[in-house]
Amino acid sequence: MIKKIISAVVLTLIIAACSSSDKGDEKSLDNFDRQTMLINWADNIIIPVHQDLNTKLQALVTAKDGFVGTPNQTSLDALRTAWLNAYKVWQYAEMFNIGKAEAINYGYQMNVYPTTVTDIETNITNGTYDLAHANNNDAVGFPALDYLLYGVASGDVAILNIYTTNTNASGYKKYLSDLVNQMKTLTETVLNDWTSGYRDTFVNSTTNTATSATNKLTNDFIFYYEKGLRANKIGIPAGNFSTNPLPDKVEAYYNQEVSKVLALDAINAVQNFFNGKAYNTASTANSFKAYLDYLNIAKGGNDLSTLINNQLNVARTKLQALDANFTNQVNTDNSKMTIAFDELQKAVVLFKVDMVQAMNISVDYIDADGD
């Protein structure tokens, strides 16, 4: 009886050892150099993007100071140009919700739309506000500036009057100034964190764990594509998540001319990052494409990386077919918006199912969209 028990235990241990060995062999198949990918992400994409954004926001500060000092058509036009230049770069930065950006809720402070006009006007009327408070996420950042530069009154003459002859012109100028200064300060905080230590922490986090740099940023990337791009820019205004379309929920609603520009910058940013393209040059290095190619993942007879790039190209074509003013597109022919959404959605499945499974990464967020 004792011999039988010993034999059973030995057999169990052998089976367990073989099983463990098999799993270890499976794990060893993925010897992709994650660190070279992390270095490329940090040094050639993320830090340069935030450096450019910081530069563009400094130009926005300068233009804001000029407008607050002398509100006229020339200074208003200069401020609007600086706003758009910075907003375009933001499309390349928004997906990197990691490190200090995550800690300070950077994205929520920079681009929650639609902005809430009543909150902005209440803050201006009261004259006291905490812009960093979560209750003001919808009253700050690029969308709040969109309102203050384009929607605070009807027509440029009336807008200028708000900042010159209005009884609370000083309050409007102060709020505008505080918004811009806050955006610059937040960006400096994130950039300084990357360049003063977090970069090294990031590139040395090479393990395959839920909290490692690759896994966290992969989730941030997919979440941004699915929510920030697909849903916020297209799906919500088009009514994909509601009974009726919501044309007032487009990005840059008050400008009325640049929703498509921002969406195209966003999809370019996504595809460039997927391919590992440097922000300031045409060079490419390790990123998701290289990772998938290393794993030699095929689907339907095609490389997964090729399928993803092809699908992003199709989605871009549908975005290019939209009106420059997404509100106008929703109101006149919303079917083009829903078609663009459908093509964007196809890439969600490739990213969120096929890509993460290939790289053995778990999705760390839950949504109710139904992939």
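Read-outs throughout are calculated quantities, based only on the coordinates presented, and are distinct from any laboratory measurement. Everything quoted here is computed from the prediction, not taken from an experiment. A quick note on method: Cβ atoms are made from the backbone with ideal geometry, for glycine too, and the neighbour counts reach across all protein chains shown.
Here are some notes:
- Using only the C-alpha atoms, the convex hull of the stretch 30-205 corresponds to 114 Å³ per residue.
- Gained length - residue 298 relative to residue 102, 0.36 nm times residue gap less alpha-carbon distance: 67.2 nm
- Dipole magnitude of the stretch 207-371 about its Cα centre (Cβ charges: Lys, Arg +1; Asp, Glu -1), debye to nearest 20: 240
- Residues in the stretch 208-231 reached by a label modelled at residue 334 [backbone nitrogen below 13 Å; 7 Å Cα→Cβ]: none
- Relative contact order of the stretch 213-371, pairs being alpha-carbon contacts under 8 Å that are 6 or more residues apart, as %: 29
- Computed from the alpha carbon atoms alone, the convex hull of the stretch 175-256 holds 132 Å³ per residue.
- Between residue 264 and residue 317, the modelled label-to-label distance comes to 1.6 nm, taking each label 7 Å out from Cα in the direction of the beta carbon.
- Rh by Kirkwood over Cα pairs, then Stokes-Einstein D for the stretch 201-327 at 1.567 mPa s and 4 °C, µm²/s: 79
- Remark: 102, 251 ranked as 102, 251, counting other beta-carbon atoms within 10 Å and listing the fewest first.
- Legend: residue pairs 173/318; 173/277; 64/227; 227/289, Cα-Cα distance threshold 28 Å; pairs beyond threshold, 173/318; 173/277; 64/227.
- Taken about its Cα centre, the chain carries a charge dipole of roughly 520 debye when the Cβ of each Lys and Arg holds +1 and the Cβ of each Asp and Glu holds -1.
- By other beta-carbon atoms within 10 Å, ranking 366, 46 with the fewest at the front produces 366, 46.
- Which of 247, 339, 322, positive extreme of dipole for the chain (C-beta unit charges): 339
- In the chain, one over the average inverse separation of all distinct C-alpha pairs is 22.5 Å, which is the Kirkwood hydrodynamic radius.
- Backbone HN-Hα couplings from phi across the stretch 51-57 [Karplus 6.51/-1.76/1.60, Hz, Gly and Pro as x]: 5, 5, 4, 4, 5, 5, 6
- Under the criterion of Cα pairs below 8 Å and six or more residues apart, the relative contact order for the stretch 30-205 equals 31 percent.
- For the stretch 69-74, 3J(HN,Hα) computed residue by residue from phi via the Karplus equation (6.51, -1.76, 1.60; θ = phi - 60°) reads x, 9, x, 8, 5, 5 Hz, glycine and proline entered as x.
- Relative contact order for the chain, counting Cα pairs under 8 Å that sit 6 or more residues apart, in percent: 19
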